[in-house]
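Since the structure comes first, as structure tokens, the remarks are kept for the end.
The values are calculated or read from the model by the stated rules, or taken from the named source; none is laboratory data. Given the structure is predicted, the values throughout are model-derived calculations rather than measurements. Ideal geometry is used to build each Cβ from the backbone, glycine not excepted, and the neighbour counts take in all protein chains shown.
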Amino acid sequence: MDAQLFYQLLLGELNVQGGEVGTGFALMLDAAQKKHDAQLYRRAVDVALQARSGESALKAAQAWAKDLPQATEPDRFVLQILLALNRAEETAPVLRSLINRSQGTARTDTINAIPQTFARVADKAVALRVVNEVLTPEFKRPEQAAAAWTTLGRMQLTANEGSKALVSARNGHRADPASIFPALLALELMEQGQIMAEDIVRGQLKASPPSSSNGTTVALNYARILLDLQRNADARTLLLALTKTQPELLEPWLLLASLQVQDNTLPAASESLQTYMRLARDSEDGRGARGLTQAYLLMSQIAEKQNDLEGANAWLDRIENADDIMAAQMRRASLLARQGKIEEARAHLRSQPVRRPTDVRLKLVAEAQLLREFKQWDEAYNVYSEAVKAFPDDQEMVYDQAMMAEKANRLDEMERLLRQIIAAKPDHHHAYNALGYSLADRGVRLSEAKQLIEKAVELQPDDAYIQDSLAWVEFRSGNALRALEILRSAFKARPDPEIAAHLGEVLWTQGQTEEAKRIWREGSLLSSDNETLQSTLKRFNVQP
């Protein structure tokens with residue numbers, strides 16, 4: 001570097017430090033262009049960004065890209081700056097350039113990163129259009145087609161085009177059945193209620209079985225979703241296969257154990273947990289340490305189910321992580337309550353120190369849930385009222401308070417709270433659904449109930465519970481055949497005891513008593529103590 005250029009750079013830095021950012025930027029950009037130096041271009045971009053001058057930063061990055069066309073870094077700056085300036089419609093050329101500069105795995109990685117890169121773009125439709133245009137050639141490239149279709153699907157999902165996202169996932173899976181990318185998108189779609197995406201997941205697992213790294217990632221996520229959908233038999237089959245083919249993996253053992261505890265197969269659950277704890281202690285990267293708390297809690301639960309309260313508390317004593325102490329104390333409170341010492345359990349929770357800001361909320365919620373578990377509805381309602389006073393903007397807390405108001409037969413209060421949520425958060429589909437269902441279940445204001453539930457359907461069209469509510473208001477309105485159609489679809493999408501109760505009742509009233517009993521049996525296997533199911537069976541004097 002000659003003396004004149006050195007002086008120019010020094011002058012540029014002094015101008016920046018002295019507040020003359022525009023002059024300093026101009027001197028640095030000029031020096032970068034004279035020197036053809038990437039480091040100087042980067043400094044010019046940084047100066048402009050620090051001064052919040054997006055246009056100047058863009059000018060420097062574009063000059064850098066033109067001057068050093070083999071470098072990819074300036075293109076990345078150009079892309080990020082254009083997006084920050086809300087000029088997504090101009091990003092197609094630079095995005096295409098970044099993809100074309102990458103080859104093999106790097107090209108796939110670049111394509112996969114696009115949804116995250118465009119995540120903050122306000123106009124999702126524009127972002128989708130640009131990405132679709134840029135990816136069109138990639139759909140025809142065998143090595144990148146699966147990733148390209150998946151990226152398009154994720155952009156469509158962000159733009160609330162879920163049905164198109166499913167088509168893209170299928171196209172990606174068709175291009176490469178073993179690829180993990182369309183399968184992971186399909187799992188996201190399943191979580192949002194698009195159960196038809198499950199065929200993609202199954203196809204990927206068939207093409208890349210759980211013994212492979214790809215299959216393991218998909219299989220684990222699939223197992224979690226099956227558990228969320230209460231499809232325990234399918235989840236159990238998958239988890240047993242994983243623990244057999246890859247016994248060294250930690251998480252399948254823990255998920256399997258939680259399912260076995262739920263099924264009351266306690267010896268098997270204990271064996272699974274012992275395996276998990278051994279693997280966790282032997283792992284060198286600390287992967288298992290995070291799950292040890294859950295393992296100890298499950299072992300405590302097993303001991304409790306076996307009426308070994310001393311053993312249950314002993315397992316809780318093993319929890320030492322400060323972040324997990326509250327979970328252990330909540331479990332101790334539950335043990336006290338099961339011994340009939342509910343007030344002592346409440347006092348135990350209230351006496352816990354607040355170690356983190358979130359502990360205040362956690363303590364109140366734990367106390368309310370404890371009271372709910374023991375059907376002390378009025379007391380639970382009072383605790384939620386206290387929590388709402390402490391966290392007035394927490395709409396989920398208000399929702400829980402409304403549900404307790406219903407249990408406590410404070411129906412006017414329930415309606416007031418749900419309407420309060422709707423006013424504060426017009427997209428809260430649970431509030432519309434809960435109010436509509438409550439009206440329908442009581443057979444009052446059915447027209448209004450249907451409008452509320454239809455609004456919930458509009459906000460969350462694939463939610464099986466909302467579909468159940470829609471069917472129930474149809475049934476209460478005298479449209480039994482329409483209700484039956486909706487309930488069959490909802491129960492197929494999400495086997496649930498409450499949906500089973502409603503489906504069985506509609507079948508029974510239509511004279512299909514044997515099928516009604518079969519559905520009720522399935523519901524009882526899912527949860528034998530579900531209140532709605534039990535009250536339905538009692539009304540019809542049926543033992544399924």
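Only one entry in 154, 174 is of a type in the set (D, E, K, R), touching an Asp or Glu at 6+ places or on another chain (Cβ under 9 Å) and either more than 29 Å from residue 54 (Cα to Cα) or part of a helix (DSSP H, G or I) (or both), namely 154.
Only a single item in (1) surrounded by fewer than 19 Cβ atoms within 10 Å (Cβ to Cβ); (2) in contact with a helix residue (DSSP H, G or I) (Cβ under 7 Å, 6 or more places away or on another chain); (3) at pLDDT 90 or above is not met by residue 321, and it is number (3). Scanning the range 377-393 for residues that are in contact (Cβ under 8 Å) with a residue 24 or more places away in the chain and touching a helix residue (DSSP H, G or I) at 6+ places or on another chain (Cβ under 7 Å) yields a total of 6. Before we move on, is residue 220 touching a helix residue (DSSP H, G or I) at 6+ places or on another chain (Cβ under 7 Å) and part of a helix (DSSP H, G or I)? When the stated conditions are applied, residue 220 passes them. If you take the residues in the range 346-360 that are surrounded by 14 or more Cβ atoms within 10 Å (Cβ to Cβ) and either out of contact with any Lys or Arg (no Cβ under 8 Å at 6 or more places or on another chain) or among the acidic types (Asp, Glu) (or both), which one is modelled with the lowest pLDDT? Per the criteria, the residue is 359.
Restricting attention to the range 367-376, does a residue exist that is at pLDDT below 95, under 23 Å from the mean Cα position of the chain (by Cα), more than 30 Å from residue 506 (Cβ to Cβ) and surrounded by fewer than 22 Cβ atoms within 10 Å (Cβ to Cβ)? The answer is yes, given that some residue of the range 367-376 is at pLDDT below 95, under 23 Å from the mean Cα position of the chain (by Cα), more than 30 Å from residue 506 (Cβ to Cβ) and surrounded by fewer than 22 Cβ atoms within 10 Å (Cβ to Cβ).
Here residue 399 passes the criteria (1) out of contact with any His (no Cβ under 9 Å at 6 or more places or on another chain); (2) at pLDDT 95 or above; (3) hydroxyl-bearing (Ser, Thr, Tyr) except the one numbered (1). Tallying residues that are loosely packed, with under 15 Cβ neighbours inside 10 Å and assigned to a helix (DSSP H, G or I) within the range 93-118 yields 6.
Taking helices (runs of 4 or more DSSP H) as the structural unit, those lying wholly within the range 424-518 and holding at least 3 residues that are in contact with a Gly (Cβ under 9 Å, 6 or more places away or on another chain) and crowded, with 23+ Cβ neighbours inside 10 Å correspond to 446-459, 464-476, 497-509.
Among residues of the range 105-134 that are under 14 Å from residue 146 (Cα atoms), those with a beta-carbon under 6 Å from a residue that is assigned to a loop (DSSP other than H, G, I, E, B) and of a type in the set (Ser, Thr, Tyr) at least six positions away or on a different chain give the pairs 110/102. For first residues located in the range 39-66 and at pLDDT below 75 and surrounded by 18 or more Cβ atoms within 10 Å (Cβ to Cβ), partners that are of a type in the set (Val, Ile, Thr) and assigned to a helix (DSSP H, G or I) and lie 6+ apart or on another chain with Cβ distances below 6 Å form the pairs 47/16.
Results for (1) more than 15 Å from residue 330 (Cα to Cα); (2) part of a loop (DSSP other than H, G, I, E, B), shown as yes or no for each residue.
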residue	(1), (2)
360	no, no
365	no, no
375	yes, yes
397	yes, no
406	yes, no
412	yes, no
421	yes, no
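Of everything in the range 324-337 that's small (Gly, Ala, Ser) and modelled with pLDDT of 85 or more, which residue is surrounded by the most Cβ atoms within 10 Å (Cβ to Cβ)? Taking the candidates together, the pick is 333. Of the numbered criteria (1) buried (at least 18 other Cβ atoms within 10 Å of the Cβ); (2) part of a helix (DSSP H, G or I), the one residue 196 fails is (1). In this structure, residue 291 does satisfy being surrounded by 14 or more Cβ atoms within 10 Å (Cβ to Cβ), modelled with pLDDT under 85 and not in a loop (DSSP other than H, G, I, E, B).
For the range 223-255, a tally of residues being in a loop (DSSP other than H, G, I, E, B) and acidic (Asp, Glu) returns 1. Scanning the range 318-358 for residues that are over 26 Å from residue 307 (Cβ atoms), in a helix (DSSP H, G or I) and of a type in the set (Lys, Arg) gives a single hit, 350.
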